[in-house]
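What follows is a set of notes on a single structure, which appears directly below.
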Amino acid sequence: MSGAERSVREQHDVTDLVAALLTRAVASRATDVHFEPTDDRLWVRVRVDGLLIDFEEVPLALAPNIVARLKVLSSLLTYRTDIPQEGSLQWPVLHPAGGEKAAGGEKGAGGDKEARGEKGAGGAAPSADHVWDLRVATFPTIRGERAVVRIFRERTSPQSLVELGFTEVQDRLMRSAVEQPAGLIVVCGPAGSGKTTTLYALMHDLRERFPQRSLITLEDPVEQRIDRVTQIQINPYGELNYERCLRSLLRQDPQVLLVGEIRDGRTADIVVQAALTGHLILTTLHGEDPATAIVRFLEMGIPAYQLASTLSLVCAQRLVRTVCRSCAPAARRGCRDCLGTGYRGRTALAQVCPIHEELRSLILHSPSASALRAALHGLGLSMTALGKAAVQRGTTTEDELRRVLGAEAAD
Ligand SMILES: [Zn+2]
């Protein structure tokens, strides 16, 4: 074989390999695929149910070609290996319903040709039922470039709050909060705790029950497309940032605004002003519990009287992995269905706190987080109590509870 023939052959191999890896990752319900060069190999790991799992090891010699292939697919500059780059591509999926049955799982299936056809022609992929958005981000390291592919899976049917893990009572509280014409609904929790998914469920509910209201979302990034809702992709470091967008958007006559995240005092201020002037705002905040979220607003400079008159509900949540039904009856956990982890899927544990009169007057006095926590104690079920109940039902395990709630779960 000549050198040229060999290089053509290798190119084909890498093309197939990348297609197979992405197809398998999608089929495994992965949300992210990491391509990490180490000293002796390219390590491929996938994030499933929030945790990274070893997926594949590839000879290090192929690493540059694999990253280059990902760059080609996502229209990035292959010759620039010295700067971080971000791009996107559309990936064909054979059976999008539910996510589990997605794609063929075998080498080449639903792979490269369709992906290119979709991107190039701009039409529907020939043999795939559906395409999913994939984002590719590369980063130069001392061992070569690493890449992360984020998979945005499209849901065919929206999930209700109860399907997400909320109790019937919590579902009613949340849904009655969005019935109000104005107010501020805040979902808090650490990164990856399902806050956005909860807001999406509320937006779907709003769209169904109040089709006459105008719904707009500001997101970074847009994770799910919702029919008949205006969705805007924020660029936090560019012109179209949250603050700028919000100011202009209020002139677009919105009634309900989903603001992806409140990260600073200026955004918090506009959001509160919007709620004060008769808009319903749904947003998320990084914070462990409702008390912390309330105090963060005050610390960001929101006057207590404004927060007290706008805040209508605060929800804190976590996601715990649920026990794999395929291997749970066996003594030893872990099977093919759950990639050997013993878990498959996740469910939410949530504290839902509607802001009633008593809390309102407490907020007026700019309380400390501990004073608020004491007042909120006993209002809703504690995260630990909800978690323990889930363990008793066999939904999740003590280990998982400890992993997600930490010391909280011990008491
Ligand atoms: Zn299993």
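Share of antiparallel DSSP beta bridges in segment 161-410, in percent to the nearest 5?
Around 30 percent antiparallel, to the nearest 5.
Ordering L401, P37, Q159 by the projection of their Cα atoms onto the charge dipole of the chain, which places +1 on the Cβ of Lys and Arg and -1 on the Cβ of Asp and Glu, puts Q159 at the extreme positive end.
Among the cysteines of the chain, those whose beta-carbon sits 4.7 Å or more from every other cysteine beta-carbon are C188, C245, C315, C353. Rolling a 1.4 Å probe over the protein chains gives H279 an accessible area of about 30 Å².
Model label sites at L276 and F152, defined 7 Å from Cα along the beta-carbon direction, differ in position by 3.4 nm.
Under the simplified labelling scheme, the T31-Q255 pair shows an inter-label distance of 3.2 nm, with each label point 7 Å from Cα along Cα→Cβ. Projecting label points 7 angstrom from Cα along Cα→Cβ for D39 and A191 puts them 2.8 nm apart. Largest to smallest in accessible area, the residues V169, V186, V222 fall in the order V169, V222, V186 (1.4 Å probe, all protein chains included). Protection proxy ranking for 229-240, 172-183, using the average of other Cβ atoms within 10 Å per residue and placing the highest first: 172-183, 229-240. Across the chain, Cα pairs under 8 Å and at least six residues apart give a relative contact order of 12 percent. Every pair of different Cα atoms in segment 335-387 enters the Kirkwood calculation, which places the hydrodynamic radius at 13.9 Å. The protection proxy used here, the mean number of other Cβ atoms lying within 10 Å of each residue, ranks peptides 51-63, 291-303, 29-41 as follows, highest first: 291-303, 29-41, 51-63.
Relative contact order, percent, of segment 191-292 when contacts are C-alpha pairs under 8 Å separated by at least 6 residues? Each step should come with its number before you reach the end.
Numbers: 123 pairs, mean separation 26.3, N = 102.
Relative contact order here is 26 percent.
Positive-end ranking of T284, Y343, V320 along the dipole of segment 282-344, with charges on Cβ about the Cα centre, is headed by Y343. Sequentially through segment 131-137, phi angles give Karplus couplings (6.51, -1.76, 1.60; θ = phi - 60°) of 10, 10, 7, 10, 10, 10, 10 Hz, Gly and Pro residues having no value and appearing as x. Taking amide H as placed 1.01 Å from N in the peptide plane, I355 has its amide H under 5 Å from the amide H of L313, V314, each at least 5 places away in sequence or on another chain. With one equal scatterer per alpha carbon and no solvent term, the Debye-computed log10 I(q)/I(0) for the chain at 0.07, 0.13 1/Å reads -0.38, -1.20.
The values are calculated or read from the model by the stated rules, or taken from the named source; none is laboratory data. Keep in mind that this is a model prediction, so the values were computed, not measured. Note that each Cβ is placed from the backbone with ideal geometry, even for glycine, and that neighbours are counted across all protein chains shown. Accessible surface is based on the protein model in full, side chains and every heavy atom, while ligands, DNA and RNA are left aside. Shrake-Rupley method; radii C 1.70, N 1.55, O 1.52, S 1.80 Å.
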